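K.L.:
Let me begin by handing over the structure; questions about it come next.
The values are calculated or read from the model by the stated rules, or taken from the named source; none is laboratory data. Fair warning: this is a prediction, and the values are worked out from it, not measured in the lab. Virtual Cβ from ideal backbone geometry, glycine too; neighbours counted across all protein chains shown.
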Ligand SMILES: [Zn+2]
């Protein structure tokens, strides 16, 4: 069972008083419990938000929208009450009286400590469709090359962060980053040799859109990305073939991933033979 991960850009509750409460906390056991108790005691309804508390950091952030219409404290009293808790390092409270509030308090957006941009799948699919209408089948090459470059870049970052040996030894878990980032629900089935595998990608964003639009195109972006990713991890050429696709009526998309056997060119081979 997988659960959606919602990133709230705004909160909209007509007729209600909203606030955004941002807390910097000591990254210790029970910190969230202490703070949420104090907020609840003030009759504040906690809405969407996020918390970030990496195991490597001594400080965490908990930030959330809140409905403060029925709050029994004014905001300054609440701020002082929260600041008085030993686990709280800092408190900021922003107010919106008209029931609409955009999260303008957090910048930059980061994915696991690296700057990111939240881009909706509809926007990417629209961009790809537009490229098809301008460049025709040439769009496939552009998207494929672009995706491969991003896949290579992503793999290089992972190697930089964790080291190649670690990435190779935990590859099945590493490939779940595609799930974590919203590409698709990934399942990896290893092949007989350690460098071949089948990657099942359920609800893959681009093929789902293709199935709906009846254009019946297989994956371009994910396939290119995965090829660039695997080629960089193993420092070898890989081929990725989509063997099943929802846009062609299959239940889910599946990709066969295999290392391309290096073929010694005939001229070079015969020249070596002469030596
Ligand atoms: Zn597909």
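K.L.:
Are there strands (runs of 3 or more DSSP E) fully within segment 1-75 with at least 1 residues that are at pLDDT 90 or above and more than 30 Å from residue 182 (Cβ to Cβ)? List them.
P.N.:
18-26
K.L.:
Scan 269, 273, 247 and give me the residue that is assigned to a helix (DSSP H, G or I), touching a helix residue (DSSP H, G or I) at 6+ places or on another chain (Cβ under 7 Å) and modelled with pLDDT under 95.
P.N.:
None of the others qualify; the one that does is 247.
K.L.:
Looking only at segment 187-220, filter to residues that are out of contact with any helix residue (DSSP H, G or I) (no Cβ under 7 Å at 6 or more places or on another chain) and in a loop (DSSP other than H, G, I, E, B); which one of those is modelled with the lowest pLDDT?
P.N.:
So the residue we want is 215.
K.L.:
A further question follows. Can you tell which of 136, 151 is free of Cβ contacts under 8 Å to residues at least 60 places away in the same chain and more than 16 Å from the ligand (Cβ to nearest atom)?
P.N.:
Within the list 136, 151, the selection yields 136.
K.L.:
Would you point out the residue of segment 250-265, among those that are within 10 Å of the ligand (Cβ to nearest atom) and assigned to a strand (DSSP E or B), that is surrounded by the most Cβ atoms within 10 Å (Cβ to Cβ)?
P.N.:
So the residue we want is 253.
K.L.:
What is the number of the single condition among (1) surrounded by fewer than 16 Cβ atoms within 10 Å (Cβ to Cβ); (2) farther than 17 Å from residue 223 by Cα that residue 141 does not meet?
P.N.:
Just one mismatch for residue 141, condition (2).
K.L.:
Do you know which of the residues in segment 217-231 that are within 10 Å of the ligand (Cβ to nearest atom) and under 14 Å from residue 132 (Cα atoms) is surrounded by the fewest Cβ atoms within 10 Å (Cβ to Cβ)?
P.N.:
217
K.L.:
Still on this structure: Specify the residue that is nearest to the ligand (Cβ to nearest atom); the eligible residues are those in segment 194-216 that are closer than 12 Å to residue 257 by Cα and in contact (Cβ under 8 Å) with a residue 60 or more places away in the chain.
P.N.:
197
K.L.:
Quickly run through segment 79-91 and pick out the residues that are in a helix (DSSP H, G or I) and touching a strand residue (DSSP E or B) at 6+ places or on another chain (Cβ under 7 Å).
P.N.:
79, 82, 83, listed by residue number.
K.L.:
How many residues are surrounded by 17 or more Cβ atoms within 10 Å (Cβ to Cβ) and more than 14 Å from the chain's Cα centre (by Cα) when one looks only at segment 160-186?
P.N.:
The number of residues fulfilling the criteria is 2.
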